[in-house]
Amino acid sequence: MPGLYLEEFTAGHVFRHSLRKTVTESDNMLFSVMTLNPQPLHIDFDFASKTEWGRPLVNSLFTLGLMIGISVNDITVGTTVANLGMTETVFPHPVFHGDTIRVETTVVSVRESKSKPDRGIVEFEHRAYNQQDVLVAKCLRQAMMLKKPAA
């Protein structure tokens, strides 16, 4: 299913993405190792057991990627030219192994490009929640999106 074109986005529209994912220990370990992140909070169970959380935290950059990734199939697959930035990124609550993540996306703004007539910029607010509906991540993402091809 193709993503949406610039003209199909309306500021204020909320997408409640049906795709969800339960985060596994393997997800967290693989991501941490692949990104050369030796933070013991993520990969050392003994170290993590002595922290206030008592267990490993899922790498927050994995959470960010998962949150945006879950949104792709519904809104941007094949119609994104590029991500331009991610701002106001926060992780108000940790993600743990076994948490199931769901995502909602709100279209914040839509505008045509001033220099490229075949595209424009959409700003999205992505929000990720765990299985208890606790907000675990949020960010604003600016994406360059294609306009509908001329007929």
**Relative contact order of the chain, defined on C-alpha pairs under 8 angstrom at six or more residues apart (%)** = 32
**Item:** Sequence-distant lysines (8 or more away, or on other chains) whose Cα lies within less than 19 Å of K114
**Value:** K147, K148
**Request:** For segment 1-97, state which GluC sites (Glu not before Pro) are in a DSSP loop and have at most 12 other beta carbons lying within 10 Å of their beta carbon.
**Result:** E52
**Request:** Would you mind giving the three semi-axes, in whole Å and largest first, of the ellipsoid equivalent to segment 74-151 according to its Cα gyration tensor?
**Result:** 30, 13, 9
**Fill in**
log10 I(q)/I(0) for the chain, Debye formula on C-alpha points only (no solvent), q = 0.09, 0.12, 0.21 Å⁻¹, two decimals, reads -0.33, -0.55, -1.24
**Asked** Ignoring ligands, DNA and RNA, what percent of the 1.4 Å accessible area of the chain is carbon and sulfur?
**Response** 57
**Message:** Please list 3J(HN,Hα) in residue order for segment 46-51, calculated via the Karplus relation 6.51 cos²θ - 1.76 cosθ + 1.60 where θ = phi - 60°; whole Hz, with x for glycine and proline.
**Reply:** 5, 4, 5, 5, 9, 9
**Request:** Just round it to a whole percent: the fraction of Cα-Cα distances in segment 43-101 exceeding 17 Å.
**Result:** 52
**Prompt:** What list of ³J(HN,Hα) values in whole Hz, one per residue of segment 120-125 in order, does the Karplus curve 6.51 cos²θ - 1.76 cosθ + 1.60 (θ = phi - 60°) give from phi, with Gly and Pro shown as x?
**Reply:** x, 10, 10, 9, 10, 10
**Asked** Which distance in Å, rounded to a whole number, links the C-alpha centroids of segment 90-146 and segment 1-67?
**Response** 13
**Rounded accessible area per residue of segment 10-151, 1.4 Å, Å²** = 54
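The values are calculated or read from the model by the stated rules, or taken from the named source; none is laboratory data. From a predicted model like this one, the values you see are computed outputs, not experimental measurements. Don't worry about glycine lacking a Cβ; one is built from the backbone with ideal geometry, like all the others, and counts go over all protein chains shown. These accessible areas exclude ligands, DNA and RNA; they are computed on the full protein's heavy atoms, side chains included. Shrake-Rupley method; radii C 1.70, N 1.55, O 1.52, S 1.80 Å.
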